[in-house]
Amino acid sequence: MGILLALIPAVAWGSLVLVSVKLGGNAYSQTMGITVGAFLFSLVMFFFSNPDLTPLVWSIGIVSGIFWTVGQLNQLASVKHIGVSKTVPISTGMQLIGTTLFGVLLFKEWDTKMTVILGSIAILFIIGGVVLTSIGQKDDKDAGKSLRKGLLILFISSLGYIGYVIIIRYFEIDGWAAILPQAIGMVAAAAALTARHKPFDKFALRNILTGLMWAAGNLGLLLALPKIGVATSFSLSQTGIIISTLGGIFLLGEKKTKKQIIFVIIGCVLIIAGGVLLGYTKR
């Protein structure tokens, strides 16, 4: 059940950047729209689940939401520098390394020799897949400069994403209880970080749809965390990279040679294989 829950964000998040880019707008209006959509989703879920919202849940949930907004805003900002089919794989790789290190070293999630071996192989597969899906991209004269800037932005983004997941796990906050405080933190941070850029436009309204998509995936991840742990659940949730990478090529029209497409396909296969192996590390 935990593995199935972790696959919900794989589908929802794997499509999110593609849908957001298609809907239009800049990183600021997109982030604002996504957070509003997530907030609306959380309100509905709150009345259905009626969770116990303690002061700890409120504070940690809000901080987690702030971390997420930092991650999402910077991920969307990196797209204009290196494109969707580079942004998402590289971002995924950074997040996998960070969350896996925390999951294994802080939470001791791989507690037998076999899980360590399987988990290590799985992560190598996933990172190898990320590399292959990233290297075969179309470059131009300013590619080196754009890549360096994009990587810096993605590093900041990954710190936000990692913080959003780890803090919830560390304080053992229930997924149903977290979503409303988390969404409030997301909206507040988005409003503060994008205020200077006038994000409230038609593109923000359109991106409420992507916020609803993200929220559904987020709930799946939060419910999966206590069942199968950070390293497994987060890694499985990131296999949606396949959707975003192939979508960048075939839906957004990012040109690729035959050799580059082969690299991408092999990379996707490695990611799937890594995701399957991670499922066997569940205690």
Which number gives the lysine pairs in segment 51-146 that have C-alpha atoms under 17 Å apart and are eight or more places apart or on different chains? 6
When the Karplus curve 6.51 cos²θ - 1.76 cosθ + 1.60 is applied with θ = phi - 60°, which whole-Hz ³J(HN,Hα) does each residue of segment 267-273 get, with x for Gly and Pro? x, 5, 4, 5, 5, 4, 4
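Can you classify segment 43-118 as rounded, prolate or oblate using the Cα gyration tensor, where a ≥ b ≥ c are the square roots of its eigenvalues, rounded means a/c under 1.5, and otherwise it's prolate if a/b beats b/c and oblate if not?
Oblate shape, in that a/c is at least 1.5 and b/c is the bigger or equal ratio.
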Separation of the residue 80 and residue 124 label points, Cα + 7 Å toward Cβ, nm: 4.1 nm
Between residue 97 and residue 191, what is the spin-label point distance in nm, taking each point 7 Å from the Cα along the Cα→C-beta axis? 3.6 nm
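Divide the volume of the convex hull of the Cα atoms of segment 125-283 by its number of residues and quote the answer in cubic angstrom per residue. Please report the intermediate quantities before stating the final value.
Numbers: hull volume 22.7 nm³, N = 159.
It comes to 143 Å³ per residue, whole-number rounded.
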Taking all protein chains as present, what is the carbon and sulfur share of the accessible area of the chain, in % to the nearest whole number, probe 1.4 Å? 71 percent
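Considering just Cα atoms, how many Å³ per residue does the convex hull of the chain enclose? Intermediate results must be reported in sequence, preceding the final value.
Values: hull volume 31.9 nm³, N = 283.
Value for the chain: 113 Å³ per residue.
Tell me the volume per residue, in Å³, of the convex hull enclosing the alpha carbons of segment 215-283. Present the calculation step by step, with values, prior to reporting the outcome.
Details: hull volume 5.1 nm³, N = 69.
Normalising the Cα hull of segment 215-283 by residue number yields 75 Å³.
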Debye calculation, C-alpha points only, no solvent: report log10 I(q)/I(0) for segment 1-71 at q = 0.11, 0.14, 0.19, 0.22 Å⁻¹, in the same order as the q values. -0.37, -0.60, -1.05, -1.24
Between the modelled labels at residue 148 and residue 198 (7 Å from Cα along Cα→Cβ) the distance in nm is 3.4 nm
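Could you give the length gained on full extension between residue 135 and residue 56, defined as 0.36 nm per residue of separation minus the Cα-Cα distance, in nm?
Details: separation 79, 0.36 × 79 = 28.44 nm, distance 4.32 nm.
Extra length from residue 135 to residue 56 when fully extended: 24.1 nm.
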By the C-alpha gyration tensor axes a ≥ b ≥ c (rounded if a/c is under 1.5, else prolate when a/b exceeds b/c, else oblate), the shape of segment 93-186 is oblate
Report the Cα centroid-to-centroid distance between segment 82-107 and segment 168-237 in angstrom, as an integer. 17 Å
Once you sort the root eigenvalues of the Cα gyration tensor of segment 157-249 as a ≥ b ≥ c, which label holds: rounded (a/c under 1.5), prolate (a/b larger than b/c) or oblate (the other case)? oblate
Give me the dipole magnitude in Debye, nearest 20, for the chain about the Cα centre, with unit charges on the beta carbon: positive for Lys and Arg, negative for Asp and Glu. 880 debye
Tell me which of 165, 221, 192 sits at the most positive position along the dipole axis of the chain, charges placed on C-beta atoms (Lys, Arg +1; Asp, Glu -1). 192
Accessible area of segment 135-283 divided out per residue, in Å², using a probe of 1.4 angstrom: 48 Å²
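The values are calculated or read from the model by the stated rules, or taken from the named source; none is laboratory data. Keep in mind that this is a model prediction, so the values were computed, not measured. All Cβ positions, glycine included, derive from the backbone under ideal geometry; neighbour counts span all protein chains shown. Surface accessibility is based on the protein's heavy atoms, side chains included, excluding ligands, DNA and RNA. Shrake-Rupley method; radii C 1.70, N 1.55, O 1.52, S 1.80 Å.
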